[in-house]
Each structure stands twice: as C-alpha cells, then as structure tokens.
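The values are calculated or read from the model by the stated rules, or taken from the named source; none is laboratory data. The structure presented is a predicted model; accordingly, all values stated were derived computationally and were not measured. Virtual Cβ from ideal backbone geometry, glycine too; neighbours counted across all protein chains shown. Keep in mind that these areas ignore ligands, DNA and RNA; they rest on the heavy atoms of the full protein, side chains included. Shrake-Rupley method; radii C 1.70, N 1.55, O 1.52, S 1.80 Å.
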Amino acid sequence: PDSYETILVETRGRVGWITLNRPEALNALNTQIMRDVVAAASAFDADESIGAIVLTGSERAFAAGADIKEMESKSGLEMIMGDHFGEWARFAALRTPVIAAVSGYALGGGCELAMMCDIILAADTAKFGQPEINLGVIPGMGGSQRLIRAVGYYKAAELVLTGRMMDAAEAERSGLVSRVVPAADLLSEASKTAETIASKSLPSVYAAKAALDAAMETSLAEGLRFERHAFAALFDTADQKEGMSAFREKRSPDFQNR
Ligand code: CO8
C-alpha cells in the first residue's frame with residue numbers, strides 16, 4: 001500500500017525512510033505497526049533503486065517495546081498462532097542494509113527491532129533495555145540471543161535479568177551501537193551513512209550484508225566458506241571490473257548497479 005496507518009514512508013534519492021508513528025504509545029509495536037513496517041521494508045527491498053533503508057522513531061522514543069496493552073490478555077496459543085515472530089523474521093532477513101536511527105527509548109521489542117538492523121546510530125538521548133522481566137515475561141523478538149552477540153554474556157545477562165536501562169554512552173562502550181551522535185544530528189548522520197552505502201554497487205552491498213549475517217548465525221568454518229564464495233561471485237559483476245579499474249586509473253568508480 002502507498003499509505004500506512006502507523007508509519008511514515010518516504011523515498012529520498014536511493015534511500016528508503018520508515019518512521020514509526022504511534023506517538024500516543026511511544027511507538028509501541030502492535031500488530032498493525034509490524035505489518036506496516038514489514039510491508040514498507042519489503043517493498044523497498046524489492047526495489048533495485050533503493051540501496052539502503054533508514055528506520056527511525058520520534059525524538060522521545062524509537063519504540064518502547066511490544067504493545068503491552070495488545071498482548072496483556074493473550075494466551076500462549078494465541079501468541080504462537082499470531083506469528084509475530086515469523087513476520088519480524090522477514091524484516092531481519094531483508095537484503096538491503098537497514099540503519100536504525102535511535103533517539104529516546106529503545107526498550108524490549110524496540111531494542112530487539114534495532115538489533116534486527118545492520119547499523120545502530122544512537123542520539124545521545126537514547127536509552128536501551130530489555131525490561132520484559134518487570135512484566136513477568138522475557139524478551140521475545142531476539143533480545144536474549146542478539147544482545148549476547150552484541151555485548152557479550154555478562155552485560156546481556158545483567159540487562160535481561162534486572163531490566164535496567166543503558167544510556168547511549170554505555171551502549172556504545174558495550175558494542176550495542178555503531179556510533180553516538182548529538183540528538184540534533186541524528187537524522188542527518190543517518191542520511192549520510194545511508195547515502196554512502198547506497199552509492200556502492202548493490203550486489204557487493206547484498207553480499208556484504210549476507211556475509212555479516214553468516215558470521216552471526218554460523219560457525220567460523222561455514223562463515224569463511226560463505227565469504228570465499230560470495231567474494232569470488234562478485235568477480236562476475238561489471239561493477240567489480242569498474243571498481244578495480246577506477247582504482248588503477250585514480251578516479252571514482254561509476255557503478256552500474258546502484
Ligand atoms: N505498550 C503499550 N503502551 C505503551 C508502551 C508499551 N510498550 N510503552 C508506553 N506506552 C504508552 C503508555 O501506556 C502511555 O499511554 P497513556 O498515555 O495512554 O497512559 C504512553 O505510551 C506514554 O507512556 P508513559 O506515560 O509511560 O511515558 P513515561 O515517559 O512516563 O515513561 C517509559 C516512558 C519508561 C518508556 C514507559 O512508558 C515504559 O516503561 N514503557 C514500557 C516499556 C516496556 O516494558 N517495554 C517492554 C514491553 S514487552 C516487549 O517488548 C516484549 C517483546 C517481545 C514481543 C514478541 C512479539 C509479540
């Protein structure tokens with residue numbers, strides 16, 4: 001669809017922008033916002049004129065978690081049959097790199113959604129946490145798994161077991177965010193980063209993201225095998241020839257696939 005209920009969607013050059021827009025609930029992730037985000041992101045992913053996606057929220061909140069009011073009365077069976085996990089998995093499986101531009105709260109499902117992205121840029125106002133333990137549950141969209149890969153077992157265990165929040169500086173020190181920037185610069189920095197990625201050859205960007213994902217999901221031996229094959233495959237693209245001849249001729253490359 002061209003218009004969505006819970007998000008704002010915009011194309012700026014080769015960058016697709018998705019802004020979470022449920023201000024009344026600090027962008028809590030209900031079924032509708034999940035459907036909107038997955039649909040908009042999938043449409044950008046299918047569009048070869050898009051080379052990067054930015055996902056952001058408001059100044060006050062990236063997203064304050066899954067929607068507690070929507071979940072509260074559900075049974076375990078309903079949670080499983082709702083297949084929220086399957087839909088978010090489609091977001092995590094996009095080929096196009098996604099930059100999360102996080103200002104304010106990224107809690108619970110909000111932190112987990114940021115961790116499904118490839119780059120996390122944080123405003124100095126950002127706060128991250130997995131507070132599910134305070135609600136009598138645990139992270140359900142990857143928080144107990146991706147957080148450990150990002151920050152290590154002991155930091156993740158403390159956050160998941162106590163539910164406390166980290167500020168942007170601690171999140172950067174811990175390896176959860178790529179970079180912290182002043183709040184006023186968050187969107188321009190996200191834009192610059194996205195445009196930089198979108199200026200590269202798309203097949204190499206897809207391959208780089210897939211290789212990085214392999215590192216998170218497989219053994220070292222398997223990951224290295226994947227990388228070697230993906231690296232070799234890129235030598236059959238015109239952009240590899242262009243990139244390398246541009247280097248030799250001391251000029252900037254004019255990639256066809258971007
Ligand atoms: N769900 C629903 N509504 C929310 C949520 C949420 N997660 N967070 C905030 N809101 C609503 C508030 O209820 C409030 O609405 P109203 O004005 O109608 O009362 C409005 O947003 C503004 O919030 P506050 O008044 O609470 O604002 P404060 O500035 O006082 O506090 C906080 C901000 C600290 C962020 C606070 O709102 C808070 O603690 N929110 C909940 C954080 C949380 O526990 N998140 C984890 C949720 S569980 C989860 O994410 C599990 C993920 C796995 C899901 C698996 C797939 C289904």
- Given unit charges at Cβ for Lys, Arg (+) and Asp, Glu (-), the dipole magnitude of the chain about its Cα centre in debye, nearest 20, is 720 debye
- Check Arg22: other-chain or 5+ apart residues with amide H under 5 Å from its amide H, H built from backbone geometry? Asn27
- Task: May I ask you to give the solvent-accessible area per residue for the stretch 78-151, in square angstrom, as obtained with a 1.4 angstrom probe?
- Result: 39 Å²
- Report the extension gain between Lys74 and Arg173 in nm, rounded to one decimal, defined as 0.36 nm multiplied by the number of residues separating them, less their alpha carbon distance. 31.9 nm
- Query: Straight-line reach from Lys250: which lysines have Cα under 22 Å away, leaving out those fewer than 8 places along the same chain?
  - Reply: Lys200, Lys241
- Query: Using a 1.4 Å probe, how large is the accessible area of Met216, given in Å² and rounded to the nearest 10?
  - Reply: 90 Å²
- Message: With a 1.4 Å probe and all protein chains left in place, how much accessible area per residue does the stretch 1-57 have, in Å²?
- Response: 42 Å²
- Query: Under the definition of Cα pairs under 8 Å and six or more residues apart, what whole-number percent is the relative contact order of the stretch 135-258?
  - Reply: 18 percent
- Task: With a 1.4 Å probe and every protein chain kept in, tell me what percent of the accessible surface of the chain is carbon plus sulfur.
- Result: 56 percent
- Mind checking the stretch 32-73 for trypsin sites (Lys or Arg not before Pro) that DSSP puts in a loop (not H, G, I, E or B) and that have at most 16 other Cβ atoms within 10 Å? Arg60
- Hey, can you grab everything whose amide H is under 5 Å from the amide H of Val177? Only 5+ residues off in sequence or another chain; H modelled, so Pro and N-termini drop out. Glu172
- Query: Hey, how many Å between the Cα centroid of the stretch 152-220 and the Cα centroid of the stretch 1-70?
  - Reply: 18 Å
- Message: At 222 nm, what value in deg cm²/dmol follows for the chain if DSSP H runs of at least 4 each add -39500 (n - 2.57) and the sum is divided by all its residues, to the nearest 500?
- Response: -14000 deg cm²/dmol
